[in-house]
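The values are calculated or read from the model by the stated rules, or taken from the named source; none is laboratory data. Computed from a predicted structure; not experimentally measured. Cβ sites come from the backbone with ideal geometry, for glycine too, and all protein chains shown count toward neighbours. Side chains are part of the model used for accessible areas, which takes the heavy atoms of the whole protein and leaves out ligands, DNA and RNA. Shrake-Rupley method; radii C 1.70, N 1.55, O 1.52, S 1.80 Å.
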Amino acid sequence: LGLGVGVGLGLGLGLGLGLGLGFGSTAAMPKVYFHYTEGEDAEAHLTQKVTLPKSWVEQHPVLKAHQLFIDTYNKKRNALLTTESTHLELDDGTVLYPGDPLSVVPNRADLHLRRGPCPERPPAAPAAAAAPA
């Protein structure tokens, strides 16, 4: 028993110090708040707090979280929303594009599910011309 406890503590401390946040730390697991408040029918509205797995943030696009909320909403509200008929926005109206990495979503962000397909991304600004040498 003493050996098991010592090894467990040693590994936990080593990983915690080596990684800065600690293995399995909740600080590494971002939380977001999904909101669907479209329309006047309050029964159709839904807010849900979700802790996103760290691997999702590192490896998946916004579409993964969008689909998660759509699936949850449809199950709870017996609805037929799709990722093609809705899109996600931040509080300030910033559109979250489906192909963007989930890492662009701030921790504890309020994500609003909006009706209508995702608007097209505005064209990128032209690169500044290189100065002559």
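Tally the residues that are over 23 Å from M29 (Cα atoms) and assigned to a strand (DSSP E or B), restricting the search to segment 88-126.
Residues that pass the stated criteria total 2.
Is it the case that some residue within segment 80-87 is open to solvent by 30 Å² or more (accessible area, probe 1.4 Å) and either within 14 Å of Y33 (Cα to Cα) or not in a loop (DSSP other than H, G, I, E, B) (or both)?
no
Within segment 59-79, which residues are part of a helix (DSSP H, G or I) and open to solvent by 50 Å² or more (accessible area, probe 1.4 Å)?
Q59, L63, K64, Q67, L68, D71, K75, K76, R77, listed by residue number.
Could you tell me how many of the residues in segment 32-57 are without any contact (Cβ under 8 Å) to a residue 40 or more places away in the chain, surrounded by 15 or more Cβ atoms within 10 Å (Cβ to Cβ) and under 16 Å from L80 (Cα atoms)?
So the count comes out to 1.
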